[in-house]
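Engineer: Okay, handing you the structure first.
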Amino acid sequence: MTPALRSACAEAVHVVTADDEVLRAGRASVFVLDQLGFRRSAWLLGSRLLLPFVEVGYRIVARNRKLFSKFFFRNERPD
């Protein structure tokens, strides 16, 4: 892994599709939803109308991971 790729992966999730397309951030999340079987949700969130909002939401959560983890993962204990 190159230093540039390591830095990019620290900022956002990346997915490489079977077609060698690299998806990152919100688009990668929508792709994962589709692959997990949430096809309708992925189709809706990946639409031209909602995808910009998904990207903004992803950016907000990614930049504030520690804050969000305090609220959403309060009962989980590290192994």
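Engineer: What are the residues in region 40-74 that are assigned to a loop (DSSP other than H, G, I, E, B) and under 18 Å from Leu23 (Cα atoms), if any?
Structural biologist: Gly46, Ser47, Arg48, Leu50, listed by residue number.
Engineer: For region 30-39, indicate whether the set of residues that are in a helix (DSSP H, G or I), at pLDDT below 90, under 11 Å from the mean Cα position of the chain (by Cα) and not aromatic (Phe, Trp, Tyr) is non-empty. Please lay out each step first, then the result.
Structural biologist: Initial filter on region 30-39 (in a helix (DSSP H, G or I)): 30-35, 39.
Among the residues that remain, those that are also at pLDDT below 90 are: none.
No, that holds for no residue.
Engineer: All but one of (1) part of a helix (DSSP H, G or I); (2) modelled with pLDDT of 90 or more; (3) touching a strand residue (DSSP E or B) at 6+ places or on another chain (Cβ under 9 Å) hold for Ala8, so report the exception by its number.
Structural biologist: (2)
Engineer: So the check is Cβ under 7 Å with 6+ separation or different chains; which pairs have a first residue in region 32-57 that's closer than 20 Å to Ala12 by Cβ and a second one that's of a type in the set (Val, Ile, Thr)?
Structural biologist: Val32/Val15; Ala42/Val30; Leu45/Val30; Leu45/Val54; Gly46/Val30; Val54/Val30
The values are calculated or read from the model by the stated rules, or taken from the named source; none is laboratory data. All of these numbers come straight from a predicted model, not from anything done at the bench. Glycine gets a Cβ as well: all are built from the backbone with ideal geometry, and neighbour counts include every protein chain shown.
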